[in-house]
Amino acid sequence: MSDLKKTPLFDWHVARGAKTAPFAGWDMPIQYTSIIAEHEQTRTKAGLFDICHMGEFLISGREAKAALSRVVTQNLATLAPGRCRYGFVLNERGGVIDDCIVYCLDETQYMIVCNGARVDVIGQWLKDNLPPVDSPLEVTDISDGTAKIDLQGPLSLDVLQDATGLDFTDLKYFGFKQVEFDGEPMLVSRTGYTGERGFELYIAPEKALPLWEKLESDVRVEPCGLGARDTLRLEVGLPLYGHELDEDHNPTEAGYGAMLTSEADYIGKPHVGEVREKLIALALEGRRSARHGDILLDADGVEVGRVTSGSYCPSIGYAAALAFVQADKADADEFAVKTARTELPAKRVDLPFYTEGTARNKLV
C-alpha cells in the first residue's frame, strides 16, 4: 500500500488504533472501535470524519457562472453567494461522471467539491469542456492545498461553536460561512453525508490536525471511520459514486430528476429523461446483507436488476439495500436478492429508510 495517498491526519489515526484500508487511492480510516458504535455515536451525539481525500477546484473569472453552467447540472442562475448546491457533472449521454457540490464564493468565483477518486477525471473534463469566454477564466485544482473534516450529529452545532467561539446558529442547510481558525481561513458548510445536522469544514492541510484535535477533545465527540459513514448515508438513501451513480446511468434513473432545474444547455441535458432502469430501495429481514453486484430477481425468479449497495443498518434494525431495476419492473413489491450462498427475500420500500430519529419502514 506504499503508493496510497495519506491525509494530513493519517498518523493520528494510526496512533489511535484505527483500522485503515484503501479507498479511492487513499489509505483511509475505516473504523476505530466498531462501525455500529461509531454509527450510533453520530446519530446520538457527534462524529468526526476525516474526508481530506475529496477534491476541490476553483473556477474564477467574470464569466465563471456562464462557463460553469455548461458542465454542471446545478442551477447557478439562482445560486447566491454564501450558498452551495448538490448536483452532477454529466457525459454527453447523460451518464454521471461525478456528483459534486458547487459553492458560490461570489459572482465571479465558484468552488467544486468532487469525489477523491474522480479528481483527475473532473480536472480533465473541466479543461476540455468549459466553453471559451470573452474574459479570462482560471481553473485551479486546490485539492492538495485543502483539508476537509466533517463534524456530524445532533450535537455538532454546540461542539463547533464551543471549539471556535463563533456563532453558527443562523447558518441554514446548504449555506456556508468563511471564517478563521487558528489564524487561517476556514470555510464552514452546513452540509453532510449522514442524514444528521452537521458541518463540513475546509481548511489548509497544516491546520487540519489542530482543528481535528480541538474538536475531538470535546467529550461529546468521537472519531469515526468510513465504515460508519457508509451505513449512515445508506439509511438516508444518499448515493455513493461507483455504486448508485456511474457513467451508464443518468440522474433521473438514480432518482434525482427533480433536481435538474437548470435552464442552461449543460452537457448531457438532452438525455437526462431517458429511463431504462430505476433505483429502488429494498428492506431485507434480519442482519443478512445484500452486497454490491448481487443479482436481483423478481417474483418469478427472473433477473431484473443488480444491487448497488447493501448493509445491516443499526438505526433501523434490519438490512437495507439499493438496486437498479429494469424500469418496467421497478413498481413490484416483492423481490429476492441472489447472493453467493442463498436468496434473500426483499421488499420494496420508500426512501429514506431513516429520518429524524425514526425508522420509516419498519418490518412486520
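The values are calculated or read from the model by the stated rules, or taken from the named source; none is laboratory data. What you see is a predicted model; the values in this text were computed from it and never measured. With ideal geometry, Cβ positions are generated from the backbone for all residues, glycine too; neighbour counts draw on all protein chains shown. Ligands, DNA and RNA are excluded from the accessible area calculation, which covers all protein heavy atoms including side chains. Shrake-Rupley method; radii C 1.70, N 1.55, O 1.52, S 1.80 Å.
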Simple SL model, points at 7 angstrom along Cα→Cβ for ASP350 and ARG276; separation in nm is 3.0 nm
For the stretch 272-364, dividing by residue count, accessible area per residue (probe 1.4 Å) in Å² works out to 53 Å²
Result for the stretch 26-127: accessible area per residue, probe 1.4 angstrom, in square angstrom, of 32 Å²
At R0 = 30 Å the Cβ-Cβ FRET efficiency linking ILE36 and VAL302, nearest 0.05, sits at 0.25
Residue span ALA15 to GLU247: 0.36 nm per residue of separation minus Cα-Cα distance leaves a gain in nm of 79.7 nm
Percent relative contact order for the chain, counting Cα pairs under 8 Å at least six residues apart, stands at 17 percent
Length gained if LEU166 through ALA258 is fully extended, taking 0.36 nm per residue and subtracting the Cα-Cα distance, is 29.6 nm
Per the 1/(1 + (r/R0)^6) rule, R0 = 41 Å and r from the Cβ atoms of PHE23 and ALA66, FRET efficiency to 0.05 is 0.70
GluC sites (Glu not before Pro) in the stretch 326-356 lying in a DSSP loop, each with at most 11 other Cβ atoms within 10 Å of its Cβ, come to GLU356
Each label sits 7 Å from Cα toward the beta-carbon; between GLN178 and GLU285 the label points are separated, in nm, by 5.7 nm
Note: probe point = Cα of LYS6 + 7 Å toward Cβ; backbone nitrogen < 12 Å; residues of the stretch 205-242 passing the test are none
So the pair-distance distribution of the stretch 1-139, from every Cα-Cα distance in 10 Å bins, comes to percents of 11, 33, 28, 21, 7, 0
FRET efficiency for ALA340 and ILE142 from the Cβ-Cβ distance with R0 = 41 Å, rounded to 0.05, comes out at 0.45
What helix-only [θ] at 222 nm does the chain give? Using -39500 (n - 2.57) per DSSP H run of at least 4, over all residues, to the nearest 500, the answer is -4500 deg cm²/dmol
Counting only protein heavy atoms with a 1.4 Å probe and every protein chain in place, the carbon and sulfur fraction of the accessible surface of the chain in whole percent equals 48 percent
